[in-house]
Structures are given as C-alpha cells and as structure tokens.
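Quick notes on the structure that follows.
FYI, it's all coordinate maths here, none of it is from the lab. Values in this document were obtained by computation on a predicted structure and should not be read as measured data. So basically every Cβ, Gly included, is an ideal-geometry build from the backbone, and we count neighbours across all protein chains shown.
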Amino acid sequence: MSSETTRDASRVTRYDYKMNKLLILTEKCCNTISPVSFLNGYLQEAGKKADEFAIDDITDFNELFALASDYEIIGLSSWGHDRREILDLLYNLRKNKKITVIGGPGVIEEHENFTHSVSGPGEYLLLDLLNGKKLPSFYKETKEPPYKFQLTDFSREKLPVMDNNISVSIRTFDGCYWGKCYFCTYNHNYSNRLKLLDERKASIISNTLDKIVKDIKEVKNNGEITFYMSHASINRKNLEYLLEAIKKSERNFKWVTFIRLEPWVMKYMRDIGSLKGILDIGYEFICNRDLVNKGCFPEDEIRLSLEAFKEHVPVKGNFLYCIPGAEEKDLIECAVNIARIRHCFSSFVLGQLFIEKETEFYRRRKDFHIICHDDIIDYGSSEYGNYMPHFEDYSGFRTLKDYSLFIENNKKFALSVAEIMETEIYSWEDPIDIEVKLPPVDKDKVYNIISKYFVDKDFIRKSIDNSWIYLRKNRDA
Ligand code: SF4
C-alpha cells in the first residue's frame, strides 16, 4: 500500500493497493508502527499478506466502501472504532457477502453484525480464513502466535513520513497477572499468558529489539525508538527476563513497561532507570479504600513513585474518577496523594471511568448501585440495529444513590486535581492528558487548593498532615 494513501484518504483509489485478499481497517496513528506489520510478520511465513487502511477524520466512506468491496475479508480492530459510520460500513460489506471480522481488545462475545468475532489474538483465525477454512462465528483464541517480527514493506515505506519519535508495540508477554480490577476487560480476551515465558525468550527479545532498531535506523538515521511492551501488567519473573533482554541488547532505544506498584518493584527501580525504562502505571485511584480492587496499597504506590523519581525513571501516571462508591473523603485522599507525587510524573492522565460489559462493575452493578442508561448511547438506536454491544455502556452509568452528590464531589475532585497539576480544563468532565515536569508542591498550597473546592476542612488538613509526616519519614529513611 502506498503511504500516500494513508495520508490523504480523499485520494484513495483501488489501484493504490496491492490487492491481497485481506484488508484490515485500523486507526490512523502517525508515529506508531502498525499492528498489521506484526500480523504480516506471521502471515508471510505462509506466503500471505494483509493490506491495511488507516481510517482518519477525512476518510471518504463511499470510496472506502468501493475499495473494501474488492477484498474477500475485511477485518476491523475494535480499539477506538465505535464510530457509527465505520460500523455501518462493515455492516453493509457483510450484506454484500463479504466476510467481516472484528477483533482486538474489548471483544469478549459474538457480535451479530460481523461474520466472525475473535477474542484474543486474531492471527490464527485470519490465516485459516485466508486458507478458506470454515470457522465458527465466535472464536476465542488462547494461543499466542509465534514470536516473530519483521518490518514489512508497508512499515518501511511509512517510516520516512514519521517524525523522530517512533514507537513500536512489541509482543513480549501478553496479559495481566492480577486481572481483578472491577473495571477491566483485559483478562477476558487477553488472558494471562505470562506463564508461557521461558529463559530463552530473553535472547529472542533482545535480538528482535536490536533488529528492529537496525531496520529503522537504515531508513531513519536519527529516529528515536521507543518500544511499548504488549502486556498489561508485568510480574516479577518476566520483569527480570525483560531487564536481562535489554541488558543483552545494544540499548539504542527507550522502552515502556506496564506495571502495578507492588513492594517487589523497589528492587528493580535502579536497573529500570539505568536501562532507559519508562513506567506506565495505572494508579487508577489512590485512597485508603480500594474502590476498583487494584490490590495495591497507597503508601507502597507513593514510596515507589518517589523511588522512580530518585532513579530518574519517567512515570506515566493514569488515574480514574467517577468511580462507583467514591465518597467525598476518598476523593480528598486521592487529590492529596496525587499532590504528594505530582513531581514524579512525566505525563499525567485523568479520565472518567466508563463501565464496560463483562467487567465486575457491570456484572455486579446492583451491588455497586450502578444503572446503565442505554439511551445515552446514540448508536444503540441506529436504524440498522448496528452497534457494538461492548460499547453499549460507555458513559452510560449513573449511581442510583445520591447521584447529584456523586457528580458534585467528582466535579470538585477533577477541578482540584487540574489545579494541583497546574493545567486548565474547560469543564470538569474534560479528561486531562498532559506531559508534565512539575516541582514538588508544599502542603499549604495543597491545602489551599483542595479546600477551595471541598468543605470538610478538618479532614483535608488531617489527610495532608498525616501523609506529609509519612513523606518526611520516607525522605529521612
Ligand atoms: S492491573 Fe491493569 S490490566 Fe490488570 S486487571 Fe487491573 S486494570 Fe486490568
């Protein structure tokens, strides 16, 4: 596929494509090597190949329909694709006797509007379809495809148009060894495969990292390459393998690993820092009650964040709010805890929690006093009945009890956190997603900010004083 076609969808013609049998629709990501490169790394062993079309805001769907009609199989990654016109496009392709496939994170059950839904890696299913095999409409894949990576022609062509910060998602170990957070679907379709790892894999990983870096450097001399590991939460043993792999490599890159802040991580922080690692951490919500069942203790999270700062490990901090059951005191505690470690973050994300199907929040919604308002979801009322069940509840939850108070408290929280992180938001519902480099903040400033929004001054004071004593102890230790 010509890289021109991905940059200007309005000029797409059918003849720009290599016309294999399989077309994968992805989301446009400028500086990321497409997951279709990985798929092709697998398919090419069997002499097959997929074409890719990256949908963006200016995609002409009539032209895309004409293009896609020339393929036998059209696949869609569920990630981010809840746009109605994309779903309608696939629906109509299926009506025209095309085989349509939906896969990717979030697919946990059969989708009636697609010929096949695949939960877990789609490589095997797609190869079988290309070989003309008859397959069930819902397919749950539990095996990991062979660990291989080769930059395809597509990604080599695309490299020159990327800027210097190129990110590559790399399949190291999938899954999450925790798998119990109430809001998370991850373990339903990418179940824990961490156990598949063995020691030999460290060498394979290091060779692969070096090979990819060399391939990219051949095309782009000054490219700065960051590898994102494909797992959701790494465990101790696999972190050791990963560090070993990176030590063996030429270390001409940065890398990001996703981790839960448990006490054992402390031992590895220095190595992570010296090997140019970056930690991507789902803190979710740090208060004394574990509202999402993250299974981490606030003081461990604080201590480890401070250690990361000390060892110059950049930390991407991800937080959630509007969590069912969150009360005023929880929100104050969380705002205080964010303030305690704000200087540790290299980037900071705060977003509202969305309840998805097959999560513990959804399954036990009565216990959590949640009601899901399907009418909030526009595409649920599509005349074609063409919507994705797992997106049904996006933004569609409300707590039954004390709804106004819940919203009011979360509003105060969002505004106070924005002020602590020294960023502006236009409405309390706006997500925050910023690069940061803030100095530590003193406790009087934190008190002034939080008490501007919340009325329980005594609790704010107590919460700050108690935690700042801990901070001092930690510093002195
Ligand atoms: S630690 Fe992360 S991936 Fe694992 S269950 Fe929790 S949110 Fe999901």
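Computed values, structure above
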{"read-out": "Violating pairs (Cα-Cα greater than 31 angstrom) within the set K412/K437; K97/K201; K180/K452; K217/K247; K98/K143", "value": "K97/K201; K180/K452"}
{"read-out": "Gain on full stretching of the segment that runs from D456 to I434 - 0.36 nm per residue minus C-alpha separation", "value": "5.0 nm"}
{"read-out": "Environment charge at Y139 (Cβ cut-off 10 Å; Lys +1, Arg +1, Asp -1, Glu -1)", "value": "-2"}
{"read-out": "Added length on full extension, which subtracts the Cα-Cα distance from 0.36 nm per residue, N62 to K180", "value": "38.2 nm"}
{"read-out": "Pairwise label distance in nanometres, H369 with D465, each label 7 Å out on the Cα-Cβ vector", "value": "3.0"}
{"read-out": "Label point distance in nm, K140-K28, each placed 7 Å from Cα along Cα→Cβ", "value": "3.7"}
{"read-out": "About the Cα centre, charge dipole magnitude for the range 245-305 (Lys/Arg +1, Asp/Glu -1 at Cβ), debye", "value": "380"}
